[in-house]
Amino acid sequence: MSEKTDVWTAVEKFRAQFSTELAKCPVDVLTTIEIRMRLDVIPFPNLLRTYSVDAAVMPDFSGIYVDKRSYQYLEGVPQWQFNRLRFSLAHELGHIIMHRELVKDVQFKSLQDFWDWTRRYKESKYGLEWEANEFGGRLVVPRERLKVDFDAFVSGVKSDYPEWWMNASLREEIASHLGDKYGVHKDVVSCRFDREELWPIS
Amino acid sequence: MVFVVYFAPHERERNHMTFGQLIKDLRIRKELTLRRCSADLGIDPSNWSKMERGVTPPPKDTGIIQQWAKFFGLSGSEGENFTDLAAIARKEIPMDMASDATVIAALPVFFRAVRGQELEGEKLKQFIEDLRAVHSPDK
């Protein structure tokens with residue numbers, strides 16, 4: 001498994017490659033995938049409802065299955081669902097960028113083959129999923145921008161709350177506020193506070 | 001760690017494209033995502049995706065094909081090529097998703113199971129049937 005700094009390097013190289021869309025706030029993951037990378041986005045009915053997954057990358061990395069409803073009605077679905085899809089797509093991009101080599105020779109001859117692969121994959125699953133999550137998190141919540149927002153938050157609260165870092169409600173509030181800004185769930189922002197070592201350990 | 005560079009097809013390559021490849025290229029040239037393009041054309045995004053991937057043939061109605069050509073700003077020989085490719089695509093035999101081999105080749109390798117739900121047993125069987133539908137022409 002890579003160190004988090006290896007993942008960060010991969011994210012920033014990727015961001016530099018597709019700087020126009022990835023500099024937007026929220027980050028425009030869909031345009032990056034569909035227009036710049038020319039990947040297929042394949043609407044998959046009930047992917048979220050039936051399998052609790054809203055995106056999954058194809059084995060040859062030519063495309064990503066997406067939950068049809070979340071994708072088709074982006075403007076109509078609740079904001080949380082749109083945000084969730086954004087993060088999931090960023091997570092799948094992590095697999096595409098970081099794990100392509102791992103599966104380049106994988107060809108399933110039978111369902112048993114696929115099943116065996118998923119068993120073996122499972123052994124390293126948490127490492128791979130961790131990397132994809134770290135990639136996705138940093139991609140949709142860029143460090144530099146988060147640092148600016150975080151410093152502004154600290155400046156605004158430190159006189160009233162001298163030990164602001166001990167205050168769970170404040171953390172919840174700012175994570176929620178920035179979650180809206182970055183188009184992700186507040187837990188993603190909260191996680192970035194720790195991963196980027198912005199929030200002091202209390 | 002691997003970085004992948006994605007290239008747009010060269011102009012002359014468009015002459016050797018299938019209809020599906022062409023409509024994908026035209027859509028991307030217009031900077032439209034699949035959902036935006038299908039919404040603008042009043043088409044279900046799954047159907048458009050299937051046409052791009054050569055799973056479903058384009059409609060027989062030449063009026064619709066011409067409307068799409070106009071949407072993509074095609075005229076003259078480009079418009080004719082578009083109509084011709086649509087006609088050819090209608091005669092092609094769609095990819096056979098009846099065989100397990102084709103379905104297996106489309107299985108996602110990194111399937112993030114959440115809430116402790118793993119893709120196995122009956123769930124895997126159901127997923128394969130759903131996957132088959134995603135890669136099959138509409139009935």
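Among the conditions (1) assigned to a loop (DSSP other than H, G, I, E, B); (2) at pLDDT 95 or above, A:PHE108 misses just one, which is (2).
For first residues located in segment B:125-139 and more than 7 Å from every other protein chain (Cβ to nearest Cβ) and among the acidic types (Asp, Glu), partners that are crowded, with 16+ Cβ neighbours inside 10 Å and assigned to a loop (DSSP other than H, G, I, E, B) and lie 6+ apart or on another chain with Cβ distances below 8 Å form the pairs B:ASP138/B:THR56.
The combined condition, being modelled with pLDDT under 85 and either acidic (Asp, Glu) or on the phi > 0 side of the Ramachandran plot (or both), is not fulfilled by B:GLU78. Please go through (1) farther than 20 Å from A:VAL189 by Cα; (2) at the interface with chain B (Cβ under 7 Å from one of its Cβ atoms) for A:ALA10 and return the number of the only condition it doesn't satisfy. Evaluating A:ALA10 over (1) farther than 20 Å from A:VAL189 by Cα; (2) at the interface with chain B (Cβ under 7 Å from one of its Cβ atoms) leaves (1) as the failure.
Within segment A:16-30, can one find any residue that is touching an Asp or Glu at 6+ places or on another chain (Cβ under 6 Å), buried (at least 19 other Cβ atoms within 10 Å of the Cβ) and without any contact (Cβ under 8 Å) to a residue 12 or more places away in the chain? Yes, there is a match, as at least one residue in segment A:16-30 is touching an Asp or Glu at 6+ places or on another chain (Cβ under 6 Å), buried (at least 19 other Cβ atoms within 10 Å of the Cβ) and without any contact (Cβ under 8 Å) to a residue 12 or more places away in the chain.
Name the residue that is farthest from the other protein chains (Cβ to nearest Cβ), counting only residues in segment A:42-93 that are among the aromatic types (Phe, Trp, Tyr) and either part of a helix (DSSP H, G or I) or more than 14 Å from A:LEU30 (Cα to Cα) (or both). Break it down into steps so the answer makes sense when it comes.
Step one: filter segment A:42-93 for residues among the aromatic types (Phe, Trp, Tyr), giving A:44, A:51, A:61, A:65, A:71, A:73, A:80, A:82, A:87.
With the extra rule that they be either part of a helix (DSSP H, G or I) or more than 14 Å from A:LEU30 (Cα to Cα) (or both), the set shrinks to A:44, A:51, A:61, A:71, A:80, A:82, A:87.
On the way: A:PHE44: 5, A:TYR51: 7, A:PHE61: 8, A:TYR71: 6, A:TRP80: 15, A:PHE82: 12, A:PHE87: 11 Å.
Out of the qualifying residues, it is A:TRP80.
Exactly one residue among A:SER62, A:SER70, A:SER19 is among the small types (Gly, Ala, Ser) and out of contact with any Leu (no Cβ under 8 Å at 6 or more places or on another chain), and that residue is A:SER19.
Within segment B:45-67, which residues are within 8 Å of chain A (Cβ to nearest Cβ) and either under 22 Å from B:LYS91 (Cα atoms) or loosely packed, with under 15 Cβ neighbours inside 10 Å (or both)? Residues satisfying the conditions are B:SER46, B:SER49, B:GLU52, B:ARG53.
The values are calculated or read from the model by the stated rules, or taken from the named source; none is laboratory data. Remember, predicted model here, so these are calculated numbers, not experimental data. Every residue, glycine among them, receives a Cβ derived from its backbone with ideal geometry; neighbour counts consider all protein chains shown.
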